[in-house]
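Below is one structure, written out as structure tokens; comments come after it.
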Amino acid sequence: MNLEQIYAAVLEGKRHEIGAWVQQALDEGVSAATIIEEALRPAMEEVGDRFSRAEFYLPDLILASEATKSAIALLRPLLGEGGAASRQETIVIGTVQGDLHDIGKNLVIATLEGTGYRVVDLGIDVPPDRFVEAVRAHNPAVVGFSALLSTTMVSIPKTIEALEEAGLREGRLLAIGGAPITQRNADEWHVEIYAADAGTAAKLVAQRLAER
């Protein structure tokens, strides 16, 4: 029953209530990994699907993401070796140089964390060299670039070029998203994952990693 309540709390954006249900589930012996796999992950996938069908709107997505983040904050310390998060790949993500927008990026991060991934958030206005440093330090399976403006999306190919020059492009997936970005851009820049919204991003990342 608690897993159903946690699932519903995400869909309803109950960020203040979800913590009590997560704690109750833990007290009853439900593992952190089970809560993620059987409640948070499917709930965020459903949120993404509803958003794609225009049944949910941006405020719904934000509230669901906040609820998920509240739950993850309680679960993260319990996800040791062998837990869901430790089995998942690392993802490095940031808003590219010149762009100060982070709502979309933060939604993607909350969705990815809600499905069990370890996410390294580089923040906003991230220059190519910081992406290079982060990739070298964390060895992620996926590197994500976010841009909300057509004037800043040009930083994406520059950053990809920096990764290539550093010898860090091969062996990992690249993902891009943001209002001005299209599949055509992904094809042009040889990027494996293009996502139009946060829910789609998490789903595509999972699919592409499973195909490796």
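Read the figures in this text as sums done on the coordinates, not as results from a lab. Model, not experiment: these values are computed from the prediction. With ideal geometry, Cβ positions are generated from the backbone for all residues, glycine too; neighbour counts draw on all protein chains shown.
Residues in the range 95-129 near a label at R76, defined as backbone nitrogen under 15 Å from the 7 Å Cα→Cβ point?
Under cut-off, by backbone N: 106-123.
Mind checking the angle between helix 103-114 and the chain's longest principal axis? C-alpha axes, 0 to 90 degrees, to the nearest 10.
For helix 103-114, the angle is close to 50 degrees.
If contacts are Cα pairs under 8 angstrom and at least 6 residues apart, what is the relative contact order of the chain in percent? Can you show the working numbers first?
Details: 371 pairs, mean separation 41.4, N = 212.
Relative contact order here is 20 percent.
For the modelled label position 7 Å from the Cα of E170 along Cα-to-Cβ, which residues of the range 133-163 have backbone nitrogen atoms closer than 15 Å?
Answer for the range 133-163: 163.
Quick check: net charge around A179, other residues with Cβ under 14 Å of its Cβ, Lys/Arg +1 and Asp/Glu -1? Don't skip to the end; give the middle numbers.
Values: positive: K105; negative: D99, D102, D197.
After counting each charged neighbour, the total is -2.
Counting Lys and Arg as +1 and Asp and Glu as -1, each charge on the Cβ, what is the dipole of the chain about the Cα centre in debye, to the nearest 20?
Numbers: 19 positive and 31 negative charges, 38 e Å.
Dipole about the Cα centre, nearest 20: 180 debye.
In what order do M153, M44 fall by count of nearby beta-carbon atoms within 10 Å, going from fewest to most? Write out the running numbers ahead of the final one.
Details: M153 23, M44 29.
Ordered by Cβ neighbours within 10 Å, fewest first: M153, M44.
State the label only: which of (1) 17; (2) 25; (3) 9 corresponds to percent of Cα pairs over 32 Å apart computed from the shown model?
(1)
If each of E12 and V154 carries a label point 7 Å out from its Cα toward its Cβ, how far apart are those two points in nm?
4.9
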